[in-house]
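The values are calculated or read from the model by the stated rules, or taken from the named source; none is laboratory data. Remember, predicted model here, so these are calculated numbers, not experimental data. Don't worry about glycine lacking a Cβ; one is built from the backbone with ideal geometry, like all the others, and counts go over all protein chains shown. Note: accessible area is taken over every heavy atom of the protein model, side chains too, but ligands, DNA and RNA are not part of it. Shrake-Rupley method; radii C 1.70, N 1.55, O 1.52, S 1.80 Å.
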Amino acid sequence: MNAAFERFTPRQRTYASAAAIAIVSLAAGFGLSMLGGDSSGEEPGADTGCEEVLYWYDPMVPDQRFDEPGKSPFMDMQLVPKCAAGAAQGAGAVSIDSALVQNFGIRTAEAEIGVLEPETRVTGTLAYNGSDMSIVQPRAGGYVQRTYGHAPQDLIARGAPIADILVPEWGGAQGEYLAVSATGDEALIRAARERLRLLGMPESIISSVARSGRPQSTFTVTAPQSGALTSLGVRPGMTVAMGQSLAEISGYSPIWLEAAVPEALAGSARVGQPVSATLTAFPGERFAGRIIAILPSAQDASRTITVRAAMLNPGLRLKPGMFAQVTVAPERRETLLVPSEAVIRTGERTLVMIAQESGGYRPAEIRIGREANGRTEVLAGLAAGEQVVTSGQFLLDSEASLTGIDVRPVDQAPSAATRDQTSSEADEPQTYRATGTIERITSSSVTLRHGPVPALEWPAMTMPFATEGPEQLRGFARGDRVSFTFAQAGTGPRVVSIRKTGQ
């Protein structure tokens with residue numbers, strides 16, 4: 001062997017040495033792996049750390065389950081056991097060891113009735129009051145003899161002169177009127193006077209001609225209201241026709257505020273809602289107003305709707321065209337609220353994780369509404385008093401999906417009547433007595449036309465009361481006179497006891 005090695009060239013000796021080292025390394029690795037595999041004598045993954053294993057799965061493909069441990073067919077890794085710890089705590093709930101609750105940082109909050117006040121902040125522009133506008137037109141055609149030095153955008157007061165117009169045809173008609181007046185024939189005088197009115201002559205000029213006895217062919221066009229001359233189309237010497245627009249006067253007290261509200265927030269705007277505005281021209285001041293109209297069309301480019309509000313403008317400090325930051329005050333109403341961080345949006349539906357009274361957590365589908373100040377309005381799928389998970393809910397949701405726990409549908413949320421009954425039994429709320437007549441009966445409520453309740457300062461009225469269920473009203477019918485006691489719960493009154501009285 002050595003003699004053969006000596007016959008190799010230096011290059012061949014180097015190649016032979018490298019090959020020998022590689023062969024030795026491969027043999028050593030194979031031996032160690034065989035030795036390690038035999039040392040345990042157990043199947044890979046047999047040491048699960050679980051008292052009971054439900055199934056085995058690949059964490060990278062959690063939906064695929066296996067009955068036996070082994071190597072994943074998807075990844076180069078061993079299958080992971082799914083332990084059955086705490087599975088008996090309640091069907092349809094995710095169970096978490098109490099020690100892990102603290103480690104995962106799982107926190108809960110109570111769904112409660114409250115007032116959501118989502119202020120809408122948008123931009124707006126001040127504008128002339130379109131409902132306070134006048135168009136100045138002459139009643140007769142003629143020649144402009146004089147104007148009074150006005151220019152567009154000038155402020156003008158009501159009754160201020162705009163232009164003097166000469167109407168040649170008035171001279172002949174007024175001369176005939178004076179001639180007829182001299183005859184003393186009342187019928188002819190009335191007819192001549194009516195002709196002057198039909199020619200567009202103001203009553204003041206007719207009376208002046210009758211008093212003075214001299215024709216008056218020139219009249220002065222005046223401003224019918226106060227405001228700004230947004231349009232002025234009259235100059236000395238020009239000819240004007242009857243009905244021609246000489247000027248346009250727009251008022252701006254109260255002034256209009258037109259705000260662009262995003263289409264997504266259009267549902268929160270209502271006619272009569274209060275608004276407030278701040279302007280860079282008056283720092284530190286707020287100007288209040290109310291919505292008077294919501295324009296019917298949306299802007300294609302910005303996807304906004306225009307909300308029009310009216311604001312008082314004492315001293316005419318606010319000018320049309322000014323830019324404003326607008327706050328639309330919300331409509332106050334009580335609703336069910338949860339912290340926004342508790343809401344899980346999957347794209348197809350909206351979920352929350354609910355802490356079960358018997359232990360564990362369960363996903364529940366909900367329908368949500370407005371959101372503001374870190375809280376979200378729940379329209380359906382949840383009841384007041386239920387505990388929702390606000391931290392760690394995504395881990396719980398993944399665990400629920402992995403174990404196949406059903407999501408509680410929206411229509412299976414506890415009824416208000418049921419929760420009110422449980423709460424009343426625990427807290428023993430005060431009850432009140434009244435008499436009335438049954439107007440309507442449903443499976444969960446009864447509508448009663450009852451008399452006054454002095455303890456609550458209630459007048460006589462007709463209103464619904466929650467009941468404990470159909471059994472409580474068995475044997476009752478519409479029109480029955482009843483005496484009943486009720487408790488005033490957080491979500492409304494609930495009948496505690498009810499009995500018929502004499503018909």
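Here is a check on your reading of the model: is Glu110 surrounded by fewer than 18 Cβ atoms within 10 Å (Cβ to Cβ), at pLDDT 75 or above and of a type in the set (D, E, K, R)? Quick ask: steps written out before the conclusion?
Values: surrounded by fewer than 18 Cβ atoms within 10 Å (Cβ to Cβ): yes; at pLDDT 75 or above: yes; of a type in the set (D, E, K, R): yes.
Spelling it out, Glu110 is indeed surrounded by fewer than 18 Cβ atoms within 10 Å (Cβ to Cβ), at pLDDT 75 or above and of a type in the set (D, E, K, R).
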- prompt: Checking Gly369 against (1) within 30 Å of Gln472 (Cβ to Cβ); (2) modelled with pLDDT under 85; (3) touching a Ser or Thr at 6+ places or on another chain (Cβ under 8 Å), which single condition isn't satisfied?
  reply: (1)
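Let's see how each residue does on (1) modelled with pLDDT under 85; (2) touching a strand residue (DSSP E or B) at 6+ places or on another chain (Cβ under 6 Å); (3) surrounded by 18 or more Cβ atoms within 10 Å (Cβ to Cβ); (4) of a type in the set (Phe, Trp, Tyr):
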| site | (1), (2), (3), (4) |
| --- | --- |
| Ala413 | yes, no, yes, no |
| Gln430 | yes, no, no, no |
| Ser444 | yes, no, no, no |
| Val482 | no, yes, yes, no |
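Quickly run through segment 201-245 and pick out the residues that are assigned to a loop (DSSP other than H, G, I, E, B), hydrophobic (A, V, I, L, M, F, W, C) and within 18 Å of Arg146 (Cα to Cα). Steps first, please.
Filtering segment 201-245 down to residues assigned to a loop (DSSP other than H, G, I, E, B) leaves 201-202, 213-217, 223-226, 233-238, 241-245.
With the extra rule that they be hydrophobic (A, V, I, L, M, F, W, C), the set shrinks to 201, 223, 234, 238, 241-242.
Hits for segment 201-245 are Ala223, Val234, Met238, Ala241, Met242.
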query: Just wondering, is there one or more residues in segment 479-493 that are closer than 18 Å to Arg433 by Cβ and in contact with a helix residue (DSSP H, G or I) (Cβ under 6 Å, 6 or more places away or on another chain)?
result: yes
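Is there a residue in segment 271-279 that is open to solvent by less than 50 Å² (accessible area, probe 1.4 Å), touching a Pro at 6+ places or on another chain (Cβ under 9 Å) and outside any loop (DSSP other than H, G, I, E, B)?
Start the filter on segment 271-279 by keeping residues that are open to solvent by less than 50 Å² (accessible area, probe 1.4 Å), which leaves 272-273, 275-279.
Adding the requirement that they be touching a Pro at 6+ places or on another chain (Cβ under 9 Å) leaves 273.
After this cut, where a residue has to be outside any loop (DSSP other than H, G, I, E, B) as well, the list is none.
For segment 271-279, residues open to solvent by less than 50 Å² (accessible area, probe 1.4 Å), touching a Pro at 6+ places or on another chain (Cβ under 9 Å) and outside any loop (DSSP other than H, G, I, E, B): absent.
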- prompt: Before we move on, is Thr422 of a type in the set (Ser, Thr, Tyr) and either open to solvent by 80 Å² or more (accessible area, probe 1.4 Å) or modelled with pLDDT under 80 (or both)?
  reply: yes
- prompt: Hey, does segment 337-346 have a residue that's open to solvent by 30 Å² or more (accessible area, probe 1.4 Å), more than 17 Å from Gln412 (Cβ to Cβ) and of a type in the set (Lys, Arg)?
  reply: yes
query: So Gly237 clears everything in (1) at positive phi; (2) open to solvent by less than 30 Å² (accessible area, probe 1.4 Å) except one condition, right? Which one?
result: (2)
task: Could you list all residues from segment 172-210 that are in contact with a strand residue (DSSP E or B) (Cβ under 7 Å, 6 or more places away or on another chain) and free of Cβ contacts under 8 Å to residues at least 60 places away in the same chain?
output: Ile205
- prompt: Any chance segment 147-154 includes a residue that's within 20 Å of Ser217 (Cβ to Cβ), exposed (fewer than 14 other Cβ atoms within 10 Å of the Cβ), touching a residue at least 24 places away in the same chain (Cβ under 8 Å) and not hydroxyl-bearing (Ser, Thr, Tyr)?
  reply: no
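Could we say that Gln325 is assigned to a strand (DSSP E or B), open to solvent by 40 Å² or more (accessible area, probe 1.4 Å) and more than 30 Å from Ala413 (Cβ to Cβ) here? Let's see the steps before the verdict.
Numbers: assigned to a strand (DSSP E or B): yes; open to solvent by 40 Å² or more (accessible area, probe 1.4 Å): yes; more than 30 Å from Ala413 (Cβ to Cβ): yes.
So Gln325 fits the description; yes.
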- prompt: Looking at segment 494-503, which of the residues that are at pLDDT 85 or above and either assigned to a loop (DSSP other than H, G, I, E, B) or open to solvent by 20 Å² or more (accessible area, probe 1.4 Å) (or both) is nearest to Ala383 (Cα to Cα)?
  reply: Val496
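Within the bounds of segment 76-98, is there any residue that is open to solvent by 70 Å² or more (accessible area, probe 1.4 Å) and either at pLDDT 70 or above or within 30 Å of Pro262 (Cα to Cα) (or both)?
We begin by selecting, within segment 76-98, every residue open to solvent by 70 Å² or more (accessible area, probe 1.4 Å); these are 76, 78, 85, 88-89, 91, 97-98.
With either at pLDDT 70 or above or within 30 Å of Pro262 (Cα to Cα) (or both) added as a condition, the list becomes 76, 78.
Among the residues of segment 76-98, at least one is open to solvent by 70 Å² or more (accessible area, probe 1.4 Å) and either at pLDDT 70 or above or within 30 Å of Pro262 (Cα to Cα) (or both), which makes the answer yes.
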Check on Glu258, under 30 Å from Ser297 (Cα atoms), modelled with pLDDT of 85 or more and not β-branched (Val, Ile, Thr): yes
message: I'd like the full set of residues that are open to solvent by 70 Å² or more (accessible area, probe 1.4 Å), of a type outside the set (A, V, I, L, M) and either closer than 15 Å to Ala329 by Cα or free of Cβ contacts under 8 Å to residues at least 60 places away in the same chain (or both), limited to segment 303-318.
response: Arg303, Gly315, Arg317
statement: Within segment 155-174, the residues that are open to solvent by 30 Å² or more (accessible area, probe 1.4 Å) and not charged (D, E, K, R) are Leu155, Ala157, Gly159, Pro161, Leu166, Pro168, Gly172
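Is it the case, given these coordinates, that Glu194 is in a helix (DSSP H, G or I), out of contact with any helix residue (DSSP H, G or I) (no Cβ under 8 Å at 6 or more places or on another chain) and of a type outside the set (Gly, Ala, Ser)?
In short, yes.
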- request: Scan segment 186-219 for residues that are open to solvent by 60 Å² or more (accessible area, probe 1.4 Å) and touching a Phe, Trp or Tyr at 6+ places or on another chain (Cβ under 9 Å) and jot them down.
  value: Arg195, Ser204, Pro215, Gln216
